[in-house]
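Visitor: Got a structure for you, questions after.
The values are calculated or read from the model by the stated rules, or taken from the named source; none is laboratory data. Just so it is clear, the model here is predicted, and its values are computed rather than measured. Every residue, glycine as well, gets a Cβ built from its backbone with ideal geometry; the counts of neighbours run over all protein chains shown.
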Amino acid sequence: MAQGPEEASEPAGVARLRPPPEAFRELFREGMGLVEEAAAYLDGAGREEARGLSRAGSLAYAAESMRLTTRLMQMASWLLLQRAVEEGEITAEQAGREKAKVRLDEPDSPERHRRELPPGLLGLIDRSVRLQDRIRHLDAAMYGSAAAAGGLSPIAEQIDRLESALSGRLRRR
């Protein structure tokens, strides 16, 4: 596939496409706000709600609150790396290397436990999953990361096949 001159010379893992600064700042505020909101909920209202749960509900609450916390910390790490790039503290290449330590996996769904969980926790889980999806797609756009996008898209797979087929034909001529 044809690349622009700036893309062709970039090492793998370097951001190719950055969101507009104001869009990133809004995403950053939303993500960090959700981290703070979840912490306040888990330390306050969530504890109160968890006390009234059945044994199965308490186990589900513990598991899902840990998943939520882990998901939020991973997203916060990604957001902080990108903010460091925006503020000139590190280069996009450095962020690309460091972001390899951040897990933006497809989130586990609490579907089998949903009836056991309090609405406050479910709301935070749902919002965190939506935010994680947005971050995963932005990461894929910025770094071309197939893993962040959940694998190659069907279109990207077709383009790869076409490029392979065409490059083989051009070499034979």
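Visitor: For Glu98, all conditions in the list (1) farther than 18 Å from Ala140 by Cα; (2) touching a helix residue (DSSP H, G or I) at 6+ places or on another chain (Cβ under 7 Å); (3) of a type outside the set (Val, Ile, Thr) hold save one; what is the number of the exception?
Guide: Of (1) farther than 18 Å from Ala140 by Cα; (2) touching a helix residue (DSSP H, G or I) at 6+ places or on another chain (Cβ under 7 Å); (3) of a type outside the set (Val, Ile, Thr), only one is false for Glu98: (1).
Visitor: Pick from the stretch 53-96 the residues that are in contact (Cβ under 8 Å) with a residue 24 or more places away in the chain, over 18 Å from Glu37 (Cβ atoms) and charged (D, E, K, R): which of them is surrounded by the fewest Cβ atoms within 10 Å (Cβ to Cβ)?
Guide: Top of the filtered list is Glu93.
Visitor: How many of the residues making up the stretch 97-118 are closer than 26 Å to Ala45 by Cβ and either at pLDDT 95 or above or surrounded by 15 or more Cβ atoms within 10 Å (Cβ to Cβ) (or both)? Explain how you work it out, then say what you get.
Guide: So in the stretch 97-118, the residues closer than 26 Å to Ala45 by Cβ come out as 107-118.
Checking which are either at pLDDT 95 or above or surrounded by 15 or more Cβ atoms within 10 Å (Cβ to Cβ) (or both) leaves us with 107, 110, 113, 116-118.
The number of residues fulfilling the criteria is 6.
Visitor: Here are Ala76, Ala45: which of them is modelled with pLDDT of 95 or more, touching a Gly at 6+ places or on another chain (Cβ under 7 Å) and either within 13 Å of Ser128 (Cβ to Cβ) or not aliphatic (A, V, I, L, M) (or both)?
Guide: Of Ala76, Ala45, the one residue that is modelled with pLDDT of 95 or more, touching a Gly at 6+ places or on another chain (Cβ under 7 Å) and either within 13 Å of Ser128 (Cβ to Cβ) or not aliphatic (A, V, I, L, M) (or both) is Ala76.
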